[in-house]
Amino acid sequence: MLMNLLSLQNADLSNKTVFLRCDINSPVDPRDLSILDKSRLIEVANTIRKLNNCKLVVASHQGRLGNSDYISMSQHAIVLSELLNRVVKFVPDISGPIVITEIQNMNNGDILLLDNLRFLAEENSEMLPEQAVNSHLVKKLSPYFDVCVLDAFSTSHRSHPSIVGFAELMPAYAGTIVEGEVKALQNIVQNPDIKFTAILGGAKIPDRLKSIQKLINAGRIEKTLLGGLIGNAFLTASDQVPLSSTLIDDKNSVQTAKSLLEQYPDKFVLAEDVAVEVDGKRTEKKLVDVNASDKIFDIGTITIQNFLQQIDHAENIFITGPLGVFENQEFRLGTVEILNKLANSNAKTITSGGHLSAVLEQLQLKDKIYHVSTAGGALVRYLTGEELPLLQALNNSAARYNQNQ
């Protein structure tokens, strides 16, 4: 779909009341519930700076029901205030009378941050735009907004009321994150002949398995290089290392990995050696030497060299997730070596997810990567050509208000 978006670059939103649906859903330390990674908050702060002469109401979700990261947005307001050097007032409500009173009392330049949208049951449900218009959230708050700005690209695959409802009732502008993603990726999305060497790491095994399946089904994958916990799942699925050494307790994921290996044997490049922990130190082992008491925390040097050679022959690369336990100095080698190679490669590289974005920032490599995205599942779906509800809402709004920007 050729995108037609209303752009903030050409918008005068002075003195208007603006609803900004962003995604500042951040990793949280389960011990003290503090925010571990500010990547998405830093990105959204850039959008907010474009909206400095209006009354701005910001909303996002955080975590999922039942998980330790399902918390209020109070500390997000503190972080945004620090990043912006402006007061971001947290409202411990979402659509009730407290919020409405706060909005009515706003002055130009004020910023409110609503509480976790997923505290509303309806924000955990998918619905059509015409249904979203009649949701509690949209019915209660839409009379107080002049326009909405949609900048939650990492949640753009969700058809939730806050994402598709307001855009039905008022002009909907693309935020700087969404506009940047579309500009960087639209030509790739529209060319089905472009294929990727995918490098998949990280700990989100079910999500990574879905990503692999989608990208392969869409004909986007030449090879998939595997590390991290997802790589461990494939190693045990191929009967090369014992399950106990992989830090994986999800046998269903191992079965899915086994099925993918059987269906697409030529699409995967697995580790040949790994790094395990011995007395707190990195010890490298070939797969045949890994025993049940070992814990695999990184890919090994032989595997790193193999992956570097694969990168030499790749034109387009998609990478998501660290290849080892990057937080531990002993087990960051695989991730550092691969990212340094990508930064100095001729390949067009797209990185996915907040963790890799943070790592690239630490290594000062961000400017050498073609496109750095904090989005995960939404980015994968976009690359496969799947229609995303948030982008559809923006497209429809641009057509509705007859502004070609």
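The values are calculated or read from the model by the stated rules, or taken from the named source; none is laboratory data. This one's a predicted model, so the numbers in the text were calculated from it and none came from an experiment. All Cβ positions, glycine included, derive from the backbone under ideal geometry; neighbour counts span all protein chains shown. All accessible areas refer to the heavy atoms of the entire protein, side chains included, with ligands and DNA or RNA removed. Shrake-Rupley method; radii C 1.70, N 1.55, O 1.52, S 1.80 Å.
Numbers for the structure displayed
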item	result
Index of the failed condition, D294 passing every other in (1) open to solvent by less than 50 Å² (accessible area, probe 1.4 Å); (2) of a type outside the set (V, I, T); (3) outside any loop (DSSP other than H, G, I, E, B)	(3)
Output for the range 222-248, where each listed residue is open to solvent by 10 Å² or more (accessible area, probe 1.4 Å), in contact (Cβ under 8 Å) with a residue 40 or more places away in the chain and within 19 Å of the chain's Cα centre (by Cα)	G228
Number of positions in the range 358-397 that are at pLDDT 90 or above and of a type in the set (D, E)	2
Condition broken by N252, with the remaining ones in (1) surrounded by 15 or more Cβ atoms within 10 Å (Cβ to Cβ); (2) part of a helix (DSSP H, G or I) satisfied	(1)
Listing of helices (runs of 4 or more DSSP H) fully contained in the range 311-405 that carry 2 or more residues being within 30 Å of Q131 (Cβ to Cβ)	377-383, 389-400
Top-ranked residue of the range 78-118 - restricted to ones that are in contact (Cβ under 8 Å) with a residue 60 or more places away in the chain and not β-branched (V, I, T), ranked as most open to solvent (accessible area, probe 1.4 Å)	N108
Near pairs, Cβ below 7 angstrom, 6+ apart or cross-chain, from the range 195-221 (more than 16 Å from T384 (Cα to Cα) and without any contact (Cβ under 8 Å) to a residue 60 or more places away in the chain) to any residue that is open to solvent by 10 Å² or more (accessible area, probe 1.4 Å) and part of a helix (DSSP H, G or I)	I205/L229
Filter result (surrounded by fewer than 16 Cβ atoms within 10 Å (Cβ to Cβ) and farther than 21 Å from C148 by Cα) within the range 38-69	R64, L65, G66, N67, S68
Matching residues, the range 135-159, being of a type outside the set (D, E), under 25 Å from S39 (Cα atoms) and open to solvent by less than 10 Å² (accessible area, probe 1.4 Å)	C148, V149, L150, A152, F153, T155, S156
Looking only at the range 116-137, and only at residues there that are aliphatic (A, V, I, L, M) and not in a helix (DSSP H, G or I), the one that is nearest to L65 (Cα to Cα)	L120
Selection from the range 351-394 of residues that are over 10 Å from the mean Cα position of the chain (by Cα) and on the phi > 0 side of the Ramachandran plot	Q364, G385
Any hit, the range 176-190, residues being part of a loop (DSSP other than H, G, I, E, B) and surrounded by fewer than 24 Cβ atoms within 10 Å (Cβ to Cβ)	yes
Output for the range 267-291, where each listed residue is modelled with pLDDT under 95 and under 15 Å from G228 (Cα atoms)	E277
Residue tally, condition under 21 Å from K195 (Cα atoms) and open to solvent by 50 Å² or more (accessible area, probe 1.4 Å), over the range 353-365	0
Selected residue (criterion: most open to solvent (accessible area, probe 1.4 Å)) from residues of the range 191-220 that are farther than 20 Å from I296 by Cβ and in a loop (DSSP other than H, G, I, E, B)	D193
Members of the range 262-273 that are part of a helix (DSSP H, G or I) and either open to solvent by less than 20 Å² (accessible area, probe 1.4 Å) or out of contact with any Lys or Arg (no Cβ under 9 Å at 6 or more places or on another chain) (or both)	E262, Q263, P265
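Here is a yes/no grid of residues against (1) out of contact with any His (no Cβ under 7 Å at 6 or more places or on another chain); (2) open to solvent by less than 40 Å² (accessible area, probe 1.4 Å); (3) touching a residue at least 12 places away in the same chain (Cβ under 8 Å):
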{"residue": "G321", "(1), (2), (3)": "no, yes, yes"}
{"residue": "G324", "(1), (2), (3)": "yes, yes, yes"}
{"residue": "N328", "(1), (2), (3)": "yes, no, yes"}
{"residue": "F331", "(1), (2), (3)": "yes, yes, yes"}
{"residue": "T335", "(1), (2), (3)": "yes, yes, yes"}
{"residue": "I338", "(1), (2), (3)": "yes, yes, yes"}
{"residue": "T351", "(1), (2), (3)": "yes, yes, yes"}
{"residue": "D367", "(1), (2), (3)": "yes, no, no"}
{"residue": "A378", "(1), (2), (3)": "no, yes, yes"}
